[in-house]
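Let me begin by presenting the structure, written as structure tokens, before commenting on it.
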Amino acid sequence: MDTSDSLKGFFSIAPYAMLAVDASGTILFANAQLETLFGYETSSLTGELLEKLVPDALVGAHTENRKNFMKHPKNREMAKGVDFMAKRKNGETFHAEITLSTFKNEGETIVLAAVRDVSERRELYNRLKVSNEMFRGAFQYSAIGMALVSTDGKFLEVNHNLCNTVGYSEEELLATDFQTITHPDDLDIDLDNVHRVLRGEITTYQIEKRYIHKNGWVVWVLLAVSLVRDTDGNPLHFISQIEDISDRKRTEAALKESEQRWLFALEGSGDGVWDWDVSTNKLFYSAQWKSMLGYEEHEVGTTFDEWEKRVHPDDIEKCLEDLSRHFNKETSYYVNEHRLLCKDGTYKWILDRGKVIEWGDDGKPARVIGTHSDIALQNEKENVVQQSLAIISEQNARLMNFAHIVSHNLRSHSGNFQLLMNLLENADDDDEYEQMLNLLKENAQSLDEAIRHLNEVVQIQTNTNITRQELSLRSFINKTVDTLAGEITKYNVKVINDVAEHDKVFYNPAYLESVLLNFMSNGIKYRHPERVPEIELTTEKNEGKLYLSIKDNGIGINLEKYGKKLFGLYKTFHGNSDARGVGLFITKNQIDAMGGSVDVKSEPNSGTTFKIYFNERQK
Amino acid sequence: MNDRNDVAFIVDDDQIYVFGLKKLIAINNLCKNVLVFENGEKAINHITPIIKNNDQLPDVILLDLNMPVMDGWEFLDEFVKIKPQLSKKIQIYMVSSSINPADIEKAKQYEELSDYLIKPISVEELQRVFSAAA
């Protein structure tokens, strides 16, 4: 069998396009695979120059190369194949890889060439190269830190930004793992996420965490991690993106601190603070806000409703109206006084002030903050001042009145002295002289009595620190009945004591005795001549206050005529000879001094009822 | 005193004062008939039945302020009611120990009052009162 025949046989079954050329570059034969690759008919290449398969521009260089090769022909292995540009019959060029082997046949050098079209492979390679370069560029020059991290945490590749962020050089980082430079408090959550990704529970994760900078300080980062797997799905490595958010964290911390500071300042002033995120309808209530109403920190939620449901029903409408007026920008801030329900079921007056500090894009309020002040405290103080003022004014009026009474009484007596003394020398006779002396004596006695009465009044009015104690009203009435026993028997007075044993008053014992004695003896003194005298004592409670009524069936008083001066000094209304006009005045003063009041109802001929309100401290 | 007043009323509950005043009027020969009422009500009750009887009506009334039953003010209020029936001019003087400005001010609002005099009343004042009425 001829060599070329056996070659042809081998060629025809080879997986590659193949041809054989002689030393002059003439194609001895080519297999069908080659002719197909280059677009020629079967056997049409035999006898043609090898350069027919080379692009025109390269023919010269190729011819030169071929001649040099033939001087020292050698094998070129497949793996060491060289890229050539090849030309198809239709002129199209393509990248080809060529492997050569040479042998001698009857003294002639013959070169065998295997040709492979590598256009596709080259294109793929180029694309990969570009892609890789793009990735490298993006990786190295990224504005944020990036790293490839092995599944056990070792840094495989790191970029400049990451190095800057954590302060280590590339070499230092590649020698360590992320666990080493992570803040101990954040390691668990990071590792937990790593394991979840490795287990396939999640594909990526993003967390805010802290690294420890090489210089020791804390670096806050936003970390985004994804896992790269091979074609079989086995984990290869992580790609981590690390954004330095220390500045943001610092700003956040500063903001929080500044908020904490004003919160502290406001709370320190005794005011409660609220902070309303309108979009989420979340409302923060400060500890002071809660404690003002008697609540513990955990007992009040974070909704608008927590406030709204505690506002007194009579106040809520005005509250919401004031709020919406501010929201509509009719007012520059919101202010409202309302009652809030405390934990103990009582209501507390609150001064509520607020202001929208952030507006949404829709022109609606986004965030509103405000304060709560306990105005009960302020009002209480104000009330004390007002009360003091009222007491002082009343005291002053009483003193003025008293001064006039004193002046009047002393003047009337001194006037009489003067008058009588002047008349003494004009007495008609000894009898008249004697009469005048007696009148002088009478005047002196009367003056003495007047001074005693005035003194008694002064005692009541100036004694601001009178002792008080809890006293049984019923037993004091019985005691008064004993005191008046003589008159009661004499006039056959019927006394009805309907006061319950448990009715107690907080009073000065002497005053209570005096008050009861005055009203009851008044009832006897002004009894109706045609009726059996009757004095009825009853108590009633009105709005928690205890009232004592002393009702008689006597001759009564014309209140239209005398009402205004009933309790004045030296006022009598009946022309009764034993009426001194002192009793009711002193009684009224004693009742006033104990913080109470007295009211009178009467009609001439049908009787009188005095209704006494003692004071606030009674049962 | 040539033109002596015929009738004067003293309305006052202070018996010592009344005694002295009557004596003073008698000594100075200021008035023939002096009637005393211990409160306003008694004076009004006396005047009402003799309202057309000018001879019995007083020329001068010396009226105390503070009295039981009906005081000086109330007497004036009653007097105003019966005044239209009177044909005689009656001079009324408020005579009181009160130097309370409120009382003096209130007195000015009664046009029936000729003056407000403060006790003790002097002889000179008394003479002026009665000469004015004459």
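The values are calculated or read from the model by the stated rules, or taken from the named source; none is laboratory data. Since the structure is predicted, the reported quantities are computational estimates derived from the model, not experimental observations. All Cβ positions, even for glycine, are placed from backbone atoms using ideal geometry, and neighbour counts span all protein chains on display.
Within the stretch A:227-255, track down each residue that is of a type in the set (Gly, Ala, Ser) and touching a helix residue (DSSP H, G or I) at 6+ places or on another chain (Cβ under 8 Å). Full working, then the answer.
Here is the first cut: in the stretch A:227-255, the ones of a type in the set (Gly, Ala, Ser) are A:233, A:240, A:246, A:253-254.
If the condition is that a residue be of a type in the set (Gly, Ala, Ser) and touching a helix residue (DSSP H, G or I) at 6+ places or on another chain (Cβ under 8 Å), then A:Ser240 is the only one that fits.
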### Query
Could you say whether any residue in the stretch A:248-263 is closer than 24 Å to A:Arg339 by Cβ and surrounded by 11 or more Cβ atoms within 10 Å (Cβ to Cβ)?
no
### Query
Looking only at residues in the stretch A:590-619 that are of a type in the set (Asp, Glu) and assigned to a strand (DSSP E or B), which one is farthest from A:Glu560 (Cα to Cα)?
A:Asp599
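Identify, from the list A:Ile207, A:Ile242, the residue that is among the β-branched types (Val, Ile, Thr) and surrounded by 15 or more Cβ atoms within 10 Å (Cβ to Cβ). I'd like the intermediate steps shown before the answer.
Working: A:Ile207 fails: surrounded by 15 or more Cβ atoms within 10 Å (Cβ to Cβ).
Just one listed residue meets the conditions, A:Ile242.
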### Summary
A:Glu449 vs (1) over 18 Å from A:His404 (Cα atoms); (2) within 14 Å of chain B (Cβ to nearest Cβ); (3) among the acidic types (Asp, Glu): all pass except (1)
### Query
What helices (runs of 4 or more DSSP H) completely inside the stretch A:1-72 contain at least 1 residues that are modelled with pLDDT of 85 or more and among the small types (Gly, Ala, Ser)?
A:32-38, A:59-71
### Message
Suppose the filter is over 28 Å from A:Leu423 (Cα atoms), within 9 Å of chain A (Cβ to nearest Cβ) and either among the charged types (D, E, K, R) or touching a Leu at 6+ places or on another chain (Cβ under 7 Å) (or both); does B:Asp103 pass it?
### Response
yes
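Can you tell me which residue among A:Glu208, A:Glu172, A:Glu133 is out of contact with any Phe, Trp or Tyr (no Cβ under 6 Å at 6 or more places or on another chain), outside any loop (DSSP other than H, G, I, E, B) and under 30 Å from A:Met85 (Cβ atoms)?
Values: A:Glu208 fails: under 30 Å from A:Met85 (Cβ atoms); A:Glu172 fails: under 30 Å from A:Met85 (Cβ atoms).
Unique residue meeting the criteria: A:Glu133.
Take the residues in the stretch A:418-428 that are facing chain B (nearest Cβ under 7 Å) and part of a helix (DSSP H, G or I); name whichever of them is surrounded by the fewest Cβ atoms within 10 Å (Cβ to Cβ). Working first, answer last.
The first filter runs over the stretch A:418-428 and keeps only residues facing chain B (nearest Cβ under 7 Å), leaving A:418-420, A:423, A:426.
Now restrict to residues that are part of a helix (DSSP H, G or I): A:418-420, A:423.
Working: A:Gln418: 14, A:Leu419: 23, A:Leu420: 22, A:Leu423: 19.
So the residue we want is A:Gln418.
Among the residues of the stretch B:14-23, what is the count of those that are more than 7 Å from every other protein chain (Cβ to nearest Cβ) and buried (at least 19 other Cβ atoms within 10 Å of the Cβ)?
Qualifying residue count for the region: 2.
Scan the stretch A:399-412 residue by residue and report those that are surrounded by 16 or more Cβ atoms within 10 Å (Cβ to Cβ), more than 8 Å from chain B (Cβ to nearest Cβ) and without any contact (Cβ under 8 Å) to a residue 24 or more places away in the chain.
Those that are surrounded by 16 or more Cβ atoms within 10 Å (Cβ to Cβ), more than 8 Å from chain B (Cβ to nearest Cβ) and without any contact (Cβ under 8 Å) to a residue 24 or more places away in the chain: none in the stretch A:399-412.
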### Query
Which one of B:Val60, B:Val129, B:Val95 is crowded, with 20+ Cβ neighbours inside 10 Å, of a type in the set (Val, Ile, Thr), within 14 Å of chain A (Cβ to nearest Cβ) and under 13 Å from the mean Cα position of the chain (by Cα)?
B:Val95
### Task
Could you tell me whether the stretch A:308-321 includes any residue that is of a type in the set (A, V, I, L, M), in contact with a Lys or Arg (Cβ under 6 Å, 6 or more places away or on another chain) and surrounded by 13 or more Cβ atoms within 10 Å (Cβ to Cβ)?
no
### Breaking point among (1) in contact with a Pro (Cβ under 8 Å, 6 or more places away or on another chain); (2) assigned to a helix (DSSP H, G or I); (3) away from chain B (no Cβ under 14 Å), for A:Gly415
(3)
### Query
Tell me, which strands (runs of 3 or more DSSP E) wholly within the stretch A:464-547 include 1 or more residues that are under 22 Å from A:Ser602 (Cβ atoms) and in contact with a Gly (Cβ under 6 Å, 6 or more places away or on another chain)?
A:534-542
### Query
Has the stretch B:77-91 got any residue that is at pLDDT below 90 and either within 14 Å of chain A (Cβ to nearest Cβ) or within 27 Å of A:Ala397 (Cα to Cα) (or both)?
no
### Task
Name the residue, out of A:Asn396, A:Asn455, that is loosely packed, with under 15 Cβ neighbours inside 10 Å and within 23 Å of B:Asp103 (Cα to Cα).
A:Asn396
### Query
Could you say whether any residue in the stretch A:224-245 is acidic (Asp, Glu) and under 27 Å from the mean Cα position of the chain (by Cα)?
no
